[in-house]
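Step one of this worksheet: look at the structure below.
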Amino acid sequence: MTPPTTDGPPAPTTSREEAWVAHAALLDAARNATDDAEPYRGPLESIERGEALGGDALVLLRSALVDYLGDAPVRDRAPGRALLRRIDDAADPTDAPSRRA
């Protein structure tokens, strides 16, 4: 396996259900984009290929999840919240559950 190319935390891995919710959230965000849906193309393609997201793609996904989960179907809420927590933990590893008192 190739070592990571950055010193930051690894991108969160996703279950099939979480990948489905991430895809739905990004599609919804792209449809609702008022100026440009192009930034969502790369993350959507990565999810479709089963690749991890990192950097700006995670920022887009986090924002899309926050918007999507407010009105998401019930089946999408638990996996979406779990993915959102992992994204937040990856962004701030000092506040990860294993480090909380």
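Every read-out reported here was derived from the displayed coordinates using simple, explicitly stated rules and does not represent laboratory data. Note that the structure is a prediction, hence the values are computed from the model and not measured. Glycine gets a Cβ as well: all are built from the backbone with ideal geometry, and neighbour counts include every protein chain shown.
Things worth noting here:
- Value of relative contact order over segment 19-76, rounded to a whole percent, pairs C-alpha under 8 Å and six or more apart: 41 percent
- Cut-off 11 Å between beta-carbons: net charge of the residues surrounding Leu58, Lys and Arg +1, Asp and Glu -1: 0
- Spacing of the modelled spin labels on Asp88 and Arg16, each 7 Å from Cα toward Cβ, amounts to 2.8 nm.
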